[in-house]
Amino acid sequence: MITIKTEKDLVLMAEGGQILKEILQALAQAVQPGVTTENLDKLSRELVFSYGQKHPEAHIKPSFLGYNSYPAYLCVSVNDEVVHGIPSDRVIHEGDLVGLDFGIIYHGWHTDSAVTVGVGEISKENQKLISVTREALALGIKEAKIGKTTGDIGYVIQKHIEKHGFGVVKELVGHGIGRKLHEPPHVPNYGFKGKGEVLKEGMTIAIEPMVTLGDPALVLSRDNWTYKTKDKSWSAHFEHTLAITKDGPRVLTG
Ligand code: MF3
Ligand code: CO
């Protein structure tokens, strides 16, 4: 069932979203050559717990740890890893593309957001990949209005990505979000105008285009979490949690 949030619920989700935004910004700044993905995981944990110590009434928690037995706080996906990379002793190098995906629970409400950062100097092609993915997310968000559909969102995202010759990942999709991390509906990054679920006031969704330089087909790694591209091409991922409101889309994590 698609859940509808009240204005009061949205206020709490927006507060959580702003905390998540700040944590994600701090994590992005910590992405430097020589840092391991585990270092970033540890930092994400510290940032949440130090906020929680200052504001015990917020009952803030990281949301991914333990989700379907996910073993870490943060997802860190490097280069040909698309999403759900498990932090490890892998060292980050100049030129890498590092996807950071994080979620928190604030007063019982989930928010979910992701960014991709280029480490130091990155190739022109990778710069383009990052900007096209970010633009595709922005275009998808603009469609998130009362009466539009999930297909309208997917359509504009796909069109923008394919216009630039990049690949749209189809095996994984965005999602409704609220008391749970993943709620209906599915929010694919492809689709047809007017198809899919009709958007209503008070729905909250996470839109998250995953874009590849080459073929978007994925393989699931032996760790059962990390999705990589089959052809080993590099990828980018951006995600925001947003609400459908009378005044249009309200980005909660931006
Ligand atoms: N943001 C990720 C998604 O929506 C969250 C993954 S949950 C985890 O798919 F357990 F994999 F971390
Ligand atoms: Co998500």
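The values are calculated or read from the model by the stated rules, or taken from the named source; none is laboratory data. This one's a predicted model, so the numbers in the text were calculated from it and none came from an experiment. Here Cβ is always computed from backbone atoms with ideal geometry, including for glycine, and neighbour counts include all displayed protein chains. Only protein heavy atoms, including side chains, enter the accessible area calculation; ligands, DNA and RNA are left aside. Shrake-Rupley method; radii C 1.70, N 1.55, O 1.52, S 1.80 Å.
Key figures for this structure:
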item	result
Nearest-20 debye value, the chain charge dipole, Cβ charges on Lys, Arg, Asp, Glu	640
Solvent-accessible surface (1.4 angstrom probe) belonging to Ser77, in square angstrom, nearest 10	10
Part-to-part distance (alpha-carbon centres) for region 111-132 and region 72-99, which is given in Å	13
Value of Rg to Rh for region 7-251 (Rh from inverse mean 1/r over Cα pairs, i.e. Kirkwood)	0.95
Accessible area of the chain belonging to carbon and sulfur atoms, whole % at 1.4 Å probe	53
Heavy atoms of Lys193 accessible to a 1.4 Å probe, total area in Å² rounded to 10	140
Label-point gap, in nm, between Lys42 and Ser88 - each point 7 angstrom along Cα→Cβ	1.8
Surface per residue (accessible, 1.4 Å probe) for region 109-254, Å²	44
Once the Cα gyration tensor of region 42-140 is diagonalised, semi-axes √(5λ) in Å	27, 16, 13
Pairwise FRET efficiency - Gln25 versus Lys163, Cβ, R0 = 30 Å, nearest 0.05	0.55
Unit charges at the beta carbon, dipole of region 34-112: most positive-side option, His55, Asn39, Ile104	His55
Most mobile listed residue (Asp80, Asp96, Asp231) in the chain, GNM with C-alpha springs under 10 Å	Asp231
Fluctuation leader among Ala72, Ala243, Ala58 - the chain, Gaussian network, Cα springs under 10 angstrom	Ala58
Max mean-square fluctuation residue, GNM over the chain, Cα-Cα springs under 10 Å, options Pro209, Pro56, Pro184	Pro56
For region 144-254, convex hull of alpha carbons as volume per residue, Å³	108
Per-pair calculated FRET efficiency, R0 = 41 Å: Lys124 and Thr3 via Cβ, rounded to 0.05	0.45
Amide N of region 193-226 lying under 19 Å from the label point, which is placed 7 angstrom from the Cα of Lys246 along Cα→Cβ	199-204
Simple Cβ-charge dipole of region 139-254, Lys/Arg +1 and Asp/Glu -1, about Cα centre, in debye nearest 20	140
Cα gyration tensor, region 105-192 - rounded (a/c under 1.5), prolate or oblate	oblate
Positive-end residue, the chain charge dipole about Cα centroid, Cβ charges, pick of Thr212, Ile86, Ala138	Ala138
